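The values are calculated or read from the model by the stated rules, or taken from the named source; none is laboratory data. Remember, it's a predicted structure, so these values are computed and weren't measured experimentally. Here the Cβ is made from the backbone with ideal geometry for all residues, glycine too, and neighbour counts use every protein chain on show. To get the accessible areas, we keep the full protein, side chains included, count just its heavy atoms, and leave off ligands, DNA and RNA. Shrake-Rupley method; radii C 1.70, N 1.55, O 1.52, S 1.80 Å.
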Amino acid sequence: MKRILSILMLLILILSFCACGSTTPEALPTGQSAEAPPGSVSVGEEPVSSEFSTDDGLIQVRIHTQEAVSVPETMPVLRIKPKTITIEALQQIARAVFGDAQLYEYSGEMSREELLACIAAMEKGVTDEEIKASYGEDISDAVLESVRQARLEMLEYYRNAYANASDAPSPTPCQWKFWPMEHYAFHDYAGTDPSYTDDIPYGVQADLRATATVDGIPYQLWASNVEREDFCNHSVSIFLNTPQGMADPNSEQYKSWVEGLGICTQEAATEQELDAVLNKADQLLRNMGLGDWQLRAESCIGYNYNNSWQIAVEGQPIYAGYPVVRQDAIKDVRDSPFYCQDDYFESVRLVFTNDGKLLEMSYQGAAQVVEVVEEAASLTGAVELRQLVSDTMHGWEYSDLFDYTADGTMSCFGDLKVEISQCGADINAITVGFARKKTEGTDYLLVPVISFRGKLQVAGTLESGSTSPINLMMGDNSGEHALLMIDLTTGSVI
């Protein structure tokens, strides 16, 4: 009886419905506000703080949220399609970020002096000694010859490039044209590369890359469109334009360069700095023409910036007044390596210095609404929703929450069996919004959902390994996920 009462109390805390009046929906970040849509009924009058075990006693569920949540009586169902990044849209983004600064074509062009150094290094690199130094003395003859052939091809490229290179390359103003991605892979010194074409075949990844310098900080702008009948990815990224030869952020040369840009801070951001950057990010996205976003900001360490402090802002798009909840990327798994890409859900991430200088932006999965499938879909009732949450959470098993098979293995550890000694599900956000469900082709439906998002804490030992427990949540399992998501139109778990 005591367990039944505790379950009921938990569900009342999580999903306490009130037929009269409404409450504010999930709180927006500081500096933003929103009112609950008309006709709402409240879910969670107060932030939830509760802990319990699943029925089998193997999983500890800990729910600690910061905001109250409001579930409306109806919500629309929308159909969305991937949105192509056009030149006009990209120019608006560039104006918002770079202002009147001149943009130039991105180029990997090297001077004759730099190419001579590459030629000398590659002439040495094709020898048996250098190849074995890189791949080991026990390298097979077949592999050795394949490596040599690849390096000989690079050597030929460098020699041909040297014949047409200039002593001091001059930047070319941005042409505002998309090219096949191979266009940027190697600089076309001779001007004969067939990838320099306006005729981009359907299904080929098309990129536009440009550079600009603002307040002494060099940036690279990279837009990409991938369009096929059953797979589309559209994205825009902005990041520091690192000089050639400084790819390793741990090198002293790179650290000195970053320090010289004046972007390193040794103290975490204050609440006032977080608020200011959050408001700046919101205005910046509006100026870019990217619509409305639900944003969150946090102070964090930037490992690519000499371990200095920065502010990361992450956002989910808002449609019809509701956010699209965070979901993991769908893997586009096919036999050909060309297709091994992630089908990203629409999201944005911006990184700033504490005083508001933009360091990075990543806008993934650009989308647009093409149809209102249902203007006011009725949502699952209170009794049914409470029962579904109760049955699901208390019935959770390992395989419901992470990659775990009946024979006790996890794919990240191959065929090794794992012995789980501790498993916790920490839920820190309950959100009412939309979730993306794939339909035919590249279309998706935005359906009303309630999402319980959090992080898994799983420890255990590996077969034939140490007897001391280790963290078993690695790779894709290590971050935050929607541990439970319910389609409010059908009352079913997604």
Answer residue from region 283-309, given it is assigned to a loop (DSSP other than H, G, I, E, B) and farther than 30 Å from Lys83 by Cα and is most open to solvent (accessible area, probe 1.4 Å) among those
Tyr303
Complete set of residues in region 376-397 that are within 19 Å of Thr74 (Cα to Cα) and not in a helix (DSSP H, G or I)
Ala376, Ala377, Ser378, Leu379, Thr380, Gly381
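Yes/no per residue for (1) in contact (Cβ under 8 Å) with a residue 40 or more places away in the chain; (2) in contact with a Leu (Cβ under 8 Å, 6 or more places away or on another chain); (3) among the charged types (D, E, K, R):
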position: Thr439; (1), (2), (3): yes, yes, no
position: Thr442; (1), (2), (3): yes, no, no
position: Leu445; (1), (2), (3): yes, yes, no
position: Ser466; (1), (2), (3): no, no, no
For the structure I just gave you, tell me whether Leu462 is under 21 Å from the mean Cα position of the chain (by Cα) and surrounded by fewer than 21 Cβ atoms within 10 Å (Cβ to Cβ).
no
Within region 83-142, the residues that are open to solvent by 50 Å² or more (accessible area, probe 1.4 Å), closer than 24 Å to Asn225 by Cβ and in contact with a helix residue (DSSP H, G or I) (Cβ under 7 Å, 6 or more places away or on another chain) are Gln92, Tyr106
If you go through region 379-421, how many residues are of a type in the set (Gly, Ala, Ser), over 26 Å from Val449 (Cα atoms) and either open to solvent by 30 Å² or more (accessible area, probe 1.4 Å) or touching a residue at least 40 places away in the same chain (Cβ under 8 Å) (or both)?
4
Considering (1) open to solvent by 50 Å² or more (accessible area, probe 1.4 Å); (2) more than 19 Å from the chain's Cα centre (by Cα); (3) not charged (D, E, K, R), say which one Leu472 fails and leave the rest.
(1)
Filter region 402-446 down to the residues that are more than 18 Å from Leu483 (Cβ to Cβ), more than 21 Å from the chain's Cα centre (by Cα) and assigned to a strand (DSSP E or B) and list them by number.
Thr409, Lys417, Val418, Glu419, Ser421
Test Ser451 against the stated conditions and say whether it is in a strand (DSSP E or B), closer than 30 Å to Leu295 by Cα and among the small types (Gly, Ala, Ser).
yes
Would you point out which residue out of Ser22, Ser42, Ser16, Ser70 is modelled with pLDDT under 50, small (Gly, Ala, Ser) and surrounded by 20 or more Cβ atoms within 10 Å (Cβ to Cβ)?
Ser42
Subset of region 455-494, residues over 30 Å from Val383 (Cβ atoms) and assigned to a loop (DSSP other than H, G, I, E, B), comes to Glu463, Ser464, Gly465, Ser466, Thr467, Ser468, Pro469, Leu472, Met473, Met474, Ser478, Gly479
